Amino acid sequence: MTLRTSLQLLGALLFGMIGLACAPLLGEVATTYAWAIALFFALLGFFISASIAQSLTKTLNQKTVGQLRLAGFGLIGGLLAAYLITPMLAELPANAGNLLSLPLALVLSSIGAAIFFNRKPEPDITPIVKIPVTAEEKPRYAAVLDTSVIIDGRIADISKTGFIQGKLLVPRFVLIELQHVADSADALRRNRGRRGLEILKQLQQNETTPIEITEEDVSSSNEVDSKLVALGKHLGIPVMTNDYNLNRVAGIQGVKVLNVNELANAIKSVYLPGETMHVRVIQEGKEQNQGIAYLDDGTMIVVEDGQRYINKKLEVVVTKILQTAAGRMIFAKPI
């Protein structure tokens, strides 16, 4: 049974009970047809619950497990408050106390859940430390990490190789931005944010290159990029990022930038004109009779007269190498 169907049946049951309880208050005729009134209220509750269930399902899909857990605590608190207030309603005249007890429980539990529903749980990332900023301790940090390079994920593999000397620094405001991305209503952004948090957990478990999370915030700006540049400048350490704009801004302010994309391009396989390789042509090129192949690292190979070899493996000889802003491109021809 789906959540929507369950809520509709629950709504029909509750409204039916309310209609049955209200019938005696409407007179003798209503009392005679109490079950008809209860049925009318049940149908009304069924259709009202349908729209509520649709809205609730959409909202739940956009929330994290931590937020749902907090909402559950709020719901329990609201029900407890209703339980404590209900005995006071018994002093009301007629049957009003019994009629109000159920709506009161629903209202207070909804308020309790709503209060905690929009609270964002603290990210499960530890430890949180205050980083001293004395000159003696600055060299121990290799770089301060940007949100983009954490979400990218390659930093986790790079840190395992041992090429990074020193600790990686993650500011608290970067962690908060990751949490906001993970709580986004957009599914793609939400998955990227959760991936970033998972990468941080991997970095924490990596003993080769440890990380520290700092509360340091040396900029009055609310923008994460400005804070990163200011922190890198203050500590005298590079900023590691994949963000092109942050790369330029940091460079203008004299802060060294470590760009993972540039590193990936730098360690791609080097081929010289005259060398041979085996490739698989997968598509046509822009020019006539050209074929396109790729190396494992993503380097594009333009094969002259290679169109007829599409979906086939062949041996080619490198004729020219072209370095562009987008990366390295190799020109070759079949042997």
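Residues checked against (1) of a type in the set (S, T, N, Q); (2) under 17 Å from the mean Cα position of the chain (by Cα); (3) in the same structural domain as G236 (by TED's automatic domain parsing); (4) under 21 Å from I267 (Cα atoms):
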site: I155; (1), (2), (3), (4): no, no, yes, yes
site: K160; (1), (2), (3), (4): no, no, yes, yes
site: L168; (1), (2), (3), (4): no, no, yes, no
site: D183; (1), (2), (3), (4): no, yes, yes, no
site: A187; (1), (2), (3), (4): no, yes, yes, no
Checklist entry - For G254, are the conditions met, namely being assigned to a loop (DSSP other than H, G, I, E, B) and either in contact (Cβ under 8 Å) with a residue 12 or more places away in the chain or buried (at least 20 other Cβ atoms within 10 Å of the Cβ) (or both)? => result yes
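If I filter the stretch 173-185 for residues that are touching a strand residue (DSSP E or B) at 6+ places or on another chain (Cβ under 7 Å) and surrounded by 14 or more Cβ atoms within 10 Å (Cβ to Cβ), do I get at least one hit? Steps first, answer last, please.
Within the stretch 173-185, the first condition is being touching a strand residue (DSSP E or B) at 6+ places or on another chain (Cβ under 7 Å), and the residues that meet it are 174-175.
Those left that are additionally surrounded by 14 or more Cβ atoms within 10 Å (Cβ to Cβ): 174-175.
Yes, the stretch 173-185 has at least one match.
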Checklist entry - E287 is checked against (1) in contact with a Gly (Cβ under 8 Å, 6 or more places away or on another chain); (2) in a loop (DSSP other than H, G, I, E, B) and fails just one. What number does that condition carry? => result (1)
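This table checks each residue for (1) touching a helix residue (DSSP H, G or I) at 6+ places or on another chain (Cβ under 6 Å); (2) basic (K, R); (3) at pLDDT below 85; (4) closer than 20 Å to A142 by Cα.
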| residue | (1), (2), (3), (4) |
| --- | --- |
| S184 | yes, no, yes, no |
| A187 | no, no, no, no |
| R194 | yes, yes, no, no |
| Q202 | yes, no, no, yes |
| N206 | yes, no, yes, yes |
| V218 | yes, no, yes, yes |
| S221 | no, no, yes, no |
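The values are calculated or read from the model by the stated rules, or taken from the named source; none is laboratory data. Fair warning: this is a prediction, and the values are worked out from it, not measured in the lab. Every residue, glycine among them, receives a Cβ derived from its backbone with ideal geometry; neighbour counts consider all protein chains shown.
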